[in-house]
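Step one of this worksheet: look at the structure below.
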Amino acid sequence: MERPDERLLVPAYENPLVAMGQGTIGMEIALEMALRGIDRFAVLVPAGGGGMLAGIATWLAPEVPVFGVESDAHPFISLSFRSQRIVQPGSFFHVETDADGIALQRPGQSGFPNILRYVRDVVTIPEDLVRGGIAYLHDEGYLAEGASASPLAALLYGALNLESYGLPPNVPVV
């Protein structure tokens with residue numbers, strides 16, 4: 001029988017090929033915005049282990065400002081971003097969250113340098129805003145998990161004021 005201490009989890013966000021694949025989301029965003037004739041916009045990305053955030057930011061930055069958003073229940077990307085080094089809890093850490101898709105123990109080491117280099121900022125939002133983002137999307141006819149609703153919630157409920165970063169009012173946001 002396998003013992004829990006014999007298991008090894010290798011997160012997908014630690015694989016550079018996965019991050020590169022997630023970076024193609026940035027390519028698709030850039031192409032779609034170009035087709036619409038929009039050349040100035042911002043992108044908000046759920047920040048869990050950081051693979052998707054690093055990939056998208058690497059593709060789009062510095063021309064397009066990219067921001068990470070996470071729940072304050074698991075704030076390890078923002079704490080790491082602010083301290084310029086990977087921050088993780090000393091032992092297993094779990095707080096209930098509606099954004100469990102981004103509730104990770106530590107940022108990925110492989111993508112973290114690109115987060116520091118290309119991401120404009122990483123913000124945290126309280127759980128009630130995560131739930132507000134889910135409810136907003138539900139009212140619009142969408143079923144959304146909290147991780148995917150977090151960037152919208154940060155924008156809708158004022159946790160991320162893009163004008164404070166020098167972006168024009170009403171800048172399109174993806």
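The values are calculated or read from the model by the stated rules, or taken from the named source; none is laboratory data. As the structure is a computational prediction, the values presented were derived from the model and not from experiment. Because the Cβ atoms are built from the backbone with ideal geometry, glycine has one as well, and the counts that use them run over all protein chains shown. Side chains included, ligands, DNA and RNA excluded: accessible areas come from the protein's heavy atoms. Shrake-Rupley method; radii C 1.70, N 1.55, O 1.52, S 1.80 Å.
Checking each residue in the stretch 144-155 for being of a type outside the set (A, V, I, L, M, F, W, C) and touching a helix residue (DSSP H, G or I) at 6+ places or on another chain (Cβ under 6 Å) picks out Glu145, Gly146, Ser150.
Gly108 meets all of the listed conditions (1) open to solvent by less than 20 Å² (accessible area, probe 1.4 Å); (2) in a helix (DSSP H, G or I); (3) touching a residue at least 60 places away in the same chain (Cβ under 8 Å) but one, namely (2).
Restricting the search to the stretch 73-88, which residues are touching a Leu at 6+ places or on another chain (Cβ under 8 Å) and surrounded by 19 or more Cβ atoms within 10 Å (Cβ to Cβ)? Of everything in the stretch 73-88, those that are touching a Leu at 6+ places or on another chain (Cβ under 8 Å) and surrounded by 19 or more Cβ atoms within 10 Å (Cβ to Cβ) turn out to be His74, Phe76, Ile77, Phe81.
The sole residue among Gly141, Gly158, Gly166 that is out of contact with any helix residue (DSSP H, G or I) (no Cβ under 7 Å at 6 or more places or on another chain) and within 18 Å of Ser78 (Cβ to Cβ) is Gly158.
Test Leu44 against the criterion of being surrounded by fewer than 21 Cβ atoms within 10 Å (Cβ to Cβ) and either touching a residue at least 12 places away in the same chain (Cβ under 8 Å) or part of a helix (DSSP H, G or I) (or both), and give yes or no. No, not satisfied. Sort out which residues of the stretch 62-72 are open to solvent by less than 10 Å² (accessible area, probe 1.4 Å) and either without any contact (Cβ under 8 Å) to a residue 24 or more places away in the chain or small (Gly, Ala, Ser) (or both), and write them in order of number. Gly68, Ser71 - these are the residues of the stretch 62-72 that are open to solvent by less than 10 Å² (accessible area, probe 1.4 Å) and either without any contact (Cβ under 8 Å) to a residue 24 or more places away in the chain or small (Gly, Ala, Ser) (or both).
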